[in-house]
1. Please count how many residues of the stretch 157-200 are under 17 Å from the mean Cα position of the chain (by Cα) and of a type in the set (A, V, I, L, M).
2. Taking the stretch 101-117 only, how many residues are of a type outside the set (Gly, Ala, Ser), under 17 Å from ALA129 (Cβ atoms) and touching a residue at least 24 places away in the same chain (Cβ under 8 Å)?
3. Any idea how many residues of the stretch 30-77 are over 12 Å from the mean Cα position of the chain (by Cα), modelled with pLDDT of 95 or more and open to solvent by less than 30 Å² (accessible area, probe 1.4 Å)?
4. Out of contact with any helix residue (DSSP H, G or I) (no Cβ under 8 Å at 6 or more places or on another chain) and open to solvent by 60 Å² or more (accessible area, probe 1.4 Å): is that true of VAL224 in this structure?
5. Among the residues that make up the stretch 83-95, is at least one of them assigned to a helix (DSSP H, G or I), touching a residue at least 24 places away in the same chain (Cβ under 8 Å) and surrounded by fewer than 16 Cβ atoms within 10 Å (Cβ to Cβ)?
6. Within the stretch 125-132, identify whether any single residue is open to solvent by less than 30 Å² (accessible area, probe 1.4 Å) and part of a loop (DSSP other than H, G, I, E, B), and answer yes or no.
7. Would you call PRO95 under 19 Å from MET177 (Cα atoms) and at pLDDT 90 or above?
Amino acid sequence: MKKHIPNTITCLNLISGCIATYFAFKGYYQQALLFIVVGAVFDFFDGMSARLLGVSSPIGKELDSLADDITFGFAPSAMVFSFLGSFHLHQTWVPFLAFVIAAFSALRLAKFNLDERQALGFIGLPTPANALFWGGLIVSLNWKTWFEPYMLPEYWLYITLALIPLSSYLLVSEVPMFALKFKHWGWKGNEVKYIFVVTAALLIAMLGFIGISATIAWYVLLSVVTTKKS
């Protein structure tokens, strides 16, 4: 019976991604982001439960990747697609560029399954981080109130389109990025992780939803800087 527990949790991740996608296509971006976060929680616990119960299996690994591409690939792509569609563009094909994110997320997950270098950290941007970046950004842009005094909405259309290839590149890049895995709770050896956790909490507390996107951008920058120094 216990061998089915991790796969059940993984399926809950997948279902969360399906619900997030539904809300994304309806334009309910906050609810979509909520279920992406719920999926991330299930994604954390399916791996933990598999390790605790000692029931890791090849089918669980494949199921996990499939669920992750729905929750952290297709769902954020649907949010971007719906957001771009709200501009009523003459070039009706433009919103479909959003699904490049889902394709590169799938490519990253396939690469991750075969890459044995990612035991203690990541090579490239993890799909949950990419999904949270897009989720926070789209929710914030949909509100419009915080950026209207500084920038016309059309500018954010171009910025969103420019961010699609950038985030897609980061997903499959060879950029080393740290993971929030602690072998011990002391300061030495965990300096970067503690700095990130504190600054992330401050960014989200001060900036709200856009703080989520800022946190992911900070994560990438901090990873690049600390990797160059090491």
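1. Number of matching residues: 12.
2. Final tally of qualifying residues: 7.
3. Counting residues in the stretch 30-77 that are over 12 Å from the mean Cα position of the chain (by Cα), modelled with pLDDT of 95 or more and open to solvent by less than 30 Å² (accessible area, probe 1.4 Å) gives 1.
4. No; evaluated as a whole, the condition is false for this residue.
5. yes
6. Yes, the stretch 125-132 contains a residue that is open to solvent by less than 30 Å² (accessible area, probe 1.4 Å) and part of a loop (DSSP other than H, G, I, E, B).
7. Here the answer is no, as PRO95 does not meet what is asked.
The values are calculated or read from the model by the stated rules, or taken from the named source; none is laboratory data. Bear in mind the structure is a predicted one, so any value in this text is a computation, not a measurement. FYI the Cβ positions are ideal-geometry reconstructions off the backbone, even for glycines, and counts take in every protein chain you see. To get the accessible areas, we keep the full protein, side chains included, count just its heavy atoms, and leave off ligands, DNA and RNA. Shrake-Rupley method; radii C 1.70, N 1.55, O 1.52, S 1.80 Å.
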